[in-house]
Amino acid sequence: MASTSRRGARRANTSQSQSQAAESQPEPQHDQIDQQVRAVLNFILCHSANKVPIKMTDLMSLTSGKNELAKRLPFITQLLSERYGIKLVLLEGAPKRYICIAESPAMSIYELKASQRPQYTMLYIILTYIFLRGNRIEEDKLYGMLDAMEVKVDEEHGYFGDDISKLIEDTFVKQQYLKRERSQLSPYDDPKNYYSWGPRAKSEFTYQQIVQFASKLFDQDASFFQQQLMRAEGIDNPEMLQNLEAEANQAERSYFDLNDESQND
């Protein structure tokens, strides 16, 4: 009787293991262009030009459901890259959203249409200023810098046009070039808006590009901005920042140790 129970238990465990294994196996990926792939692909291409994030729920509505989209998305991502030079990037946080990044973004303002150049120039100025100020800047200080350049964000400008404040606070933020956060340093302070680089800026630009731009703008050698570069890269890579701080502390201790030894001699 006990032997029968053990056999029954083994069969039950085997059946449960097989069931769990079947559930853990990934869904087979879809690698054919069908109506659902075509619909999602067309939707992404049509919405990529305005650079506004694409909601996953919008893509799901074009397929037979979440599972069907999940099976097709790797193939769609491959098609976007190989045929159109577009990289589909999933943003952090909820709800799930994607942005389209050009795999070969414009490297010079002269590669852009004349109508795009003022926006691109303004963006580059703002990203450079944020970089130089520790990768996070208060909105009032950002506008103060532009004001010093005789660019009034609430007035029309001969080159940048009108609605400059809307360009910064709305367009660049929605396009994920800028991240705008509202915070306060202490309960006694008024909340303030702060800007930092957004995920699209980090994908389309490099800190090295900004260093080269700043070195030309201020007529300084690129090494002059090494501290800002290390800080910016450290913010994106906290482990690297900790290692740099540890090395700096070690170097400082070594210096004092050598100094003490020389005084004792």
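The values are calculated or read from the model by the stated rules, or taken from the named source; none is laboratory data. Keep in mind it's a predicted model, so treat the numbers as computed, not measured. Every residue, glycine as well, gets a Cβ built from its backbone with ideal geometry; the counts of neighbours run over all protein chains shown. Keep in mind that these areas ignore ligands, DNA and RNA; they rest on the heavy atoms of the full protein, side chains included. Shrake-Rupley method; radii C 1.70, N 1.55, O 1.52, S 1.80 Å.
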Review point. What do you reckon, is SER81 free of Cβ contacts under 8 Å to residues at least 24 places away in the same chain, open to solvent by 30 Å² or more (accessible area, probe 1.4 Å) and in contact with a strand residue (DSSP E or B) (Cβ under 7 Å, 6 or more places away or on another chain)?
Key: yes
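Give segment 212-231 a look and list any residue that's within 22 Å of ALA102 (Cβ to Cβ) and not aromatic (Phe, Trp, Tyr), or say none. Working first, answer last.
The initial filter retains those residues of segment 212-231 that are within 22 Å of ALA102 (Cβ to Cβ), namely 212-213.
If the condition is that a residue be within 22 Å of ALA102 (Cβ to Cβ) and not aromatic (Phe, Trp, Tyr), then GLN212 is the only one that fits.
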Check your understanding: In the list SER215, SER183, SER223, which residue meets the criterion of being touching an Asp or Glu at 6+ places or on another chain (Cβ under 7 Å), hydroxyl-bearing (Ser, Thr, Tyr), surrounded by fewer than 18 Cβ atoms within 10 Å (Cβ to Cβ) and over 16 Å from MET122 (Cα atoms)?
Key -> SER215
Point to revise | Filtered residues of segment 112-139 (kept if open to solvent by less than 20 Å² (accessible area, probe 1.4 Å) and on the phi < 0 side of the Ramachandran plot) | key: MET122, LEU123, ILE126, LEU127, THR128, ILE130, PHE131, ILE137
Check your understanding: If you scan segment 144-182, which residues turn out to be closer than 22 Å to PHE205 by Cα, part of a helix (DSSP H, G or I), out of contact with any strand residue (DSSP E or B) (no Cβ under 6 Å at 6 or more places or on another chain) and of a type outside the set (D, E, K, R)?
Key -> MET145, LEU146, ILE164, LEU167, ILE168, THR171
Check your understanding: What pairs come up if the first residue lies in segment 30-50 and is outside any loop (DSSP other than H, G, I, E, B), the second is among the hydroxyl-bearing types (Ser, Thr, Tyr), and their beta carbons are under 8 Å apart, counting only those six or more places apart or on different chains?
Key -> GLN36/THR63; GLN36/SER64; ALA39/THR63; VAL40/THR63; ILE44/TYR98; LEU45/TYR84
